[in-house]
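Some notes on the structure that comes next.
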Amino acid sequence: MATSNPDRHWLHWLRRCCWALLLPWPLAAVAALTQPPAVDAAWRDQFVFGSDADSLRHHTTAWARARAALQAAREQGDLRAELRAAAFYFLTIPTHTAENCRTFQHYLALAQAGGAAYERELFDLGVASAWNWSGRPCAGQISPQALEVLARRLGDPARMFYVLEAQAADAMASSRFGEITSIRSRQLDVAIAPFQRAKAFIELGMADLVADLQSTQASRWLERARQEFDPEEFQVLAVDLEAGLAAVEFRRHRPATAMTHVYRVREQLRNGMAAPETAASYLSSFAKYLNRLQRTSEALDFLAESRRFQVDDLSTRVHVAAAFLTIYAELRTPEARAKGEQEVRRIDEWMADLVEFPIARVKAARAIADFHERFGRLDAALQARKQLEAAMEDAQRSADDATRVTLQEKLNVALKDQEYAGLKARNELQEAQQRGWIGAFAAAAGGVAGTGVALAVAVRRGRRLARVSAELAQRNGELEARSSSRIRLLAAACHDLRQPAHALGMLAELGRAAQQEPARFSAWLHSVRRITASLGDMLDELMDLGRLDGGHYTPLLGDVSLAELMQEVMLHFGPLARRKGLALAVLPVALHTHSDRHLLRRILFNVVSNAIKYTDAGEVRVSAEAMGNGVRLTVQDSGPGIPQDKIDDVFRDHVRLNPRMAAEGLGVGLAIVRRAADLLGHALTLRSAPGQGTCVTLTLPLASLTAATAPILAPAAADDLTAAAGGVVAIMENDPDVSDAMAALLQAWGYTVLAGADAQAILALARRSHERPDLVISDLHLDNTDGLTEVTRLRQGLDAPALAALLVTGDLDGDITGQAARAGVHLAHKPLAPNKLSALVRQLLNAPPQPAGPAAM
């Protein structure tokens, strides 16, 4: 009997395994698993050569076709067809109203809810709205970075043309003209249709004209565009080309040639070839050129014609009005003055709604100032100059905010992209391992050497992808650790919040019985106030910690009076220190620092609160002194001190070193102090030793402002709410319980109260009662509106732009703080203690009218 060869048996088994694995997995099919489609022919036919091409042929025709297509898709009931029709609709829509924004958000939500199956439609919607909402906020709009992620997932490189289009719109909205040339040049590399190349060339020419008044390249770009398309077919592009050539000829000081292009454009606009906003913009631009050529009458005719187009965009309307003012200022005739004053009134009516258009506000304020100066109205000119300065500051702030938002969006997209890449890497690792072993088995059928090579390749690839997987695992571990920390903090907070809530519930039951005995009722009322204040402090701390920990707080920096902060410390903590038998020494100060007032106040209050809480005898001393270019803010107590090995622990979440204090607060006060100081860049130090007390020092930048030393007033008793001097206070609140309680308090303090759900209700009450509000207090979140909007409407309805206003909210969003400050609305955060409400009301009623209020109180 022949002996068996074990190697032959092993090879025979290997061949069988190889064929068993390879038969169900052809190599072509394996390769196809990781290759996205190179060309999406259906999308190109429908969107590129369909919707996009139509939008550039004739605007009026395309807009009518888009409306009809969307209506037909709605009636058909096919969601995919409706979403594609919606993309065509927004690609051609001539107006940019709030209603249009809501419609866009509706379709965006439908596409997003469809998940991966509707990513193509989501991409088209994002592309179609890129220019519609550039510079006009519409919540939920897809960022250029998110569009790029979608384009990579969908696979067709032609989509990058529209990603770059969105980037160009974003750059234009932020006045980043230097980026536009680079973006448009890259568009030429990915364009698949001649009309796309023509559009890119035209936009390159326009960008050069805006960025460089002496540009000679613009005409070359425009001539290249002329060679790429048929102007009879793509009439929208023909309008843009002619307008660009007119600007070039004006720059070359060849007005006769320029006017040839201008008259062509005007005729095309009259025939509806471009959107109304585009028409008004071109005509007003031509008017400026004509005015420089001393052709004033013709310039006024062009401006008048620009107003025949139905333009909803407020920025465009302001640009036209400013152009009128410029011409009237140069004419300096009585008739020009009268017409110019009409334009000023027109702009004044729009100014309140121009918050979202800082550049338009600057242009309008400058035109008004120049107009008044030309006619010798120096007081009005000075006021306009002040508005101009404020508008320029807002424009700069808006540009800074836009930059921050762009960077944050890029970071968010990068993080999402990293997570997506990690998931893809894991899948590739599994597929690579499978393909590696399949290749190894296949090679083994042909020889052991081939097997070794395939195994080596698979092992190297596996190691590389394993490293990616390890990095992802580490990141997931960090996220899970942070999530666990938050869960533990939330659980502890819920436990601690139950204590005052439980106590209030029991006190509510005892209230009726306590009313029968005055002494007992006074003690009961004191307990309710103390527990309510404790509950409010806990909620404030929890909200601040959540926003600081999540990176959602944007500091609103400005000059902060330390004298005012010291005064608030004495008023807030004086009664508490007196009840404990402590001396609270708050030293007078005449310094200002540059910081975020809300966060700096929170830091100081938390440190002082901690000092009083843990000090049983002696004093707590608060002082501030200038040190070179800085300010050293110090809180020193005579408490028990902290062991050296525990000092770092006090800044961690939910840490209490004294078990006796376990029922007081959440244990996050100093954690908030550390996070806030780090965010603001203020150096924080803590020195302490057992038996020697604790000293916390915060180093702040010194502001250039100086002020007289403010005396530190003795604190009022906790129950002392001085009667009001009188006044009419309007309350806008949609919660009846809150409204009734606040109205009762204000009436008890001697104020007349008008309470309603919004501005319309308050105006109706004012007319019936013949009372005129001296102050309005509003919640932020009202039914179908918001407090800032309603305050503006109330001021307009009363013709009282300087009406004092207080916005009360639990929302600590930095955007809200900034909006309130710009609107001249004072801000206070819930829960608002009665004594603090009383002080704020008296302060606001006695304060002189101001166009802008502080960020927060």
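Of note:
- Qualifying residue in the range 19-39 (condition: assigned to a helix (DSSP H, G or I) and at pLDDT 85 or above): no
- When Leu241 is tested against (1) buried (at least 20 other Cβ atoms within 10 Å of the Cβ); (2) in contact with an Asp or Glu (Cβ under 6 Å, 6 or more places away or on another chain), just one condition goes unmet, and that condition is (2).
- Residues being surrounded by fewer than 19 Cβ atoms within 10 Å (Cβ to Cβ) and modelled with pLDDT under 85 - total across the range 150-173: 1
- Checklist (1) surrounded by fewer than 20 Cβ atoms within 10 Å (Cβ to Cβ); (2) assigned to a helix (DSSP H, G or I); (3) touching a residue at least 60 places away in the same chain (Cβ under 8 Å); (4) aliphatic (A, V, I, L, M) applied to Ile192, failing item: (2)
- Hey, Asp678 out of contact with any strand residue (DSSP E or B) (no Cβ under 9 Å at 6 or more places or on another chain), surrounded by fewer than 19 Cβ atoms within 10 Å (Cβ to Cβ) and either outside any helix (DSSP H, G or I) or modelled with pLDDT of 75 or more (or both) or not: no
- Residue that is modelled with the highest pLDDT, among those in the range 714-758 that are hydroxyl-bearing (Ser, Thr, Tyr) and surrounded by fewer than 18 Cβ atoms within 10 Å (Cβ to Cβ): Thr752
- Test for Gly630: is it at pLDDT 85 or above, open to solvent by less than 40 Å² (accessible area, probe 1.4 Å) and in contact with a Phe, Trp or Tyr (Cβ under 6 Å, 6 or more places away or on another chain): no
- Condition met for Leu807 (open to solvent by less than 60 Å² (accessible area, probe 1.4 Å), at pLDDT 75 or above and under 30 Å from Pro575 (Cα atoms)): yes
- Counting only residues that are assigned to a loop (DSSP other than H, G, I, E, B), closer than 25 Å to Leu56 by Cα and either of a type in the set (A, V, I, L, M, F, W, C) or open to solvent by less than 20 Å² (accessible area, probe 1.4 Å) (or both), the range 248-293 holds 4 of them.
The values are calculated or read from the model by the stated rules, or taken from the named source; none is laboratory data. All values reported here derive from a predicted model rather than from experimental measurement. Note: ideal-geometry Cβ built from the backbone for every residue, glycine included; neighbour counts use all protein chains shown. For the accessible areas, the whole protein counts, side chains as well, though only heavy atoms, and no ligand, DNA or RNA atoms are used. Shrake-Rupley method; radii C 1.70, N 1.55, O 1.52, S 1.80 Å.
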